Amino acid sequence: MGKLALTGGTPVVTEPLGSKWPVYDERDERALSDVLQSRAWTRSKFDGEESWAWRFEDAFAAFQDARHGVAVATGSIGMELALKAVGVEPGDEVIIPAATWITVATAVIAVGAAPVFVDIDPGTYNIDASKVEAAVTPKTRAVMCVHNGGMPADMDALRALVDKHGIALVGDCAHAHGSQWRGRGVGAIEDAGAFSFQGSKVVALGEGGMVLTDSDELQERLYGLHHVNGANGRPKPARSLPGTNLRMTEWIGALGLAALERLPEQVAIRQANARYLRQGLAEIPGVDGIAWDPRVTRWSFYIWHWRFVSSAFANIQRDTFLAALKAEGVPTSTGQTAPLYKNAALTEMDCGRSNYPFNAQVYGRKMDYAGFHCPETERIVATEALAFSHTLFLGPRQHMDLILDAVRKIRENVAELHAWERAHANDAST
């Protein structure tokens, strides 16, 4: 019997950490009851601001410092809508980070364009802005930055680059409700920024999404494309657009207004706990937080990424440390750091009879990701990346202490961990 839980010892953590998610209170119950009794469950029933979806658009846009919000059915649809609104069409290319969730790539494919991958910054796990320009071609129509985990990408460098080349900047802000760059909310800085309200997100409404923009012209296009024939719920666009139905329901809009009331307090609790944990980890050799650019004035995270440095942790492998930490009762993952170009959706490229857009004449050449390689992305996911869910940071300060106690325990018993790693390697070889 060893001291580590991995080798038979008693775990440090014997209770659930953080908070149950999603949370709700009487405000949500009252909001749903109001919608139910109104019998007006879609924004098409409204001509004005009494629509819950309309009010949520305005409130969330204001929270993120944007002039306009367009509420949609899901975050993934929001990305597709944003891409269409900025002019992405079949035959175009969209530059995206090599590591993020698969729907970033499939949103590009859904509008008939081809995703082009750029390696990630080893400091932030966001797209490496210094490598984007090399990926720009005459077919490039947009860059889609992803604020991975909620950490804002380098918005100064990306904005300068897209302006130089006359292309659009679209944001996947699904992890970044409340995050700010130079004091301004992400989503408002891009030409269009898409948020998700899926049930695990920082604003968790079951489903739903929002596209933000500061542009009057883009707002009109977004609204016209997502709300067929520009029916009630907002003023009709000045011109008819080939729209469809991507609308958010009044149920989700009402829940969103209630969730938005709680969000500032939740962001503050998460940030305070995260700072405390980061300070504690900095005192333990071999682990640290990802880089926090001083231009990031608020990191409202969905995934709290941190780093394992094997060479400073007695050359223990990251996966061994990960197994030990889980055994101590600390739920840990590697976050969203896996290379997208290795996802089966792209390696198999099964897009139907013509395999559009990859083999389509409109694109001009066959797109093949089989030989694609982003060295930092592959190194990070294999050897370094660690991640905690935002829900761990809504608990009391004592939960941060338990996490730190678990990491310290593993560090203090590294010889025992080495023995387990050798035995595990021998088992694997047989």
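The figures follow:
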read-out	value
Residue-wise HN-Hα coupling along region 389-394, computed from phi with Karplus coefficients 6.51, -1.76, 1.60 (Hz; x: Gly, Pro)	6, 4, 5, 5, 9, 9
Cut-off 20 Å, label 7 Å out along Cα→Cβ of residue 133, residues of region 102-120 by amide N	116-120
Check: region 1-106 dipole with +1 on Lys, Arg Cβ and -1 on Asp, Glu Cβ, in debye	360 debye
Average Cα contact separation per residue, region 259-317, under 8 Å, 6 or more apart, as relative contact order %	32 percent
Most to least accessible of 52, 181, 101, 420 (protein chains only, probe 1.4 Å)	101, 420, 52, 181
Among [x] 1.00; [y] 0.95; [z] 1.04, the entry derived from the coordinates for Rg/Rh (Cα atoms, Kirkwood Rh)	[x]
Nonlocal Lys pairs with alpha-carbon distance under 27 Å, the chain (8 or more apart, or different chains)	26
Where GluC sites (Glu not before Pro) in DSSP loops with at most 14 other Cβ within 10 Å are excluded, longest remaining stretch of the chain	51-282
Solvent exposure of the chain as accessible area per residue, Å², 1.4 Å probe	41 Å²
Protein accessible area in the chain, 1.4 Å probe - carbon and sulfur %	51 percent
Accessible-area value, residue 79, 1.4 Å probe, nucleic acids and ligands omitted, Å²	10 Å²
Neighbour count of at most 16 Cβ within 10 Å plus DSSP loop: longest trypsin sites (Lys or Arg not before Pro)-free window in the chain	68-138
Cβ crowding within 10 Å averaged over residues, with 5-14, 113-122 ranked highest first	113-122, 5-14
Loop sites in region 272-348: chymotrypsin sites (Phe, Trp or Tyr not before Pro), DSSP, at most 14 other Cβ within 10 Å	292
Area accessible to solvent at residue 103, 1.4 Å probe radius, in Å²	40 Å²
Net charge dipole size for the chain [Lys, Arg +1 and Asp, Glu -1 on Cβ; Debye, nearest 20]	140 debye
Exposure of residue 418 as accessible area (Å², to 10), given a probe of 1.4 Å and all protein chains	50 Å²
Amide N of region 253-276 lying under 12 Å from the label point, which is placed 7 angstrom from the Cα of residue 24 along Cα→Cβ	255-256, 259
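The values are calculated or read from the model by the stated rules, or taken from the named source; none is laboratory data. Because the structure is a prediction, the values reported are computed rather than measured. Quick reminder, even Gly has a Cβ in these numbers, built from the backbone with ideal geometry, and neighbours come from all protein chains shown. Only protein heavy atoms, including side chains, enter the accessible area calculation; ligands, DNA and RNA are left aside. Shrake-Rupley method; radii C 1.70, N 1.55, O 1.52, S 1.80 Å.
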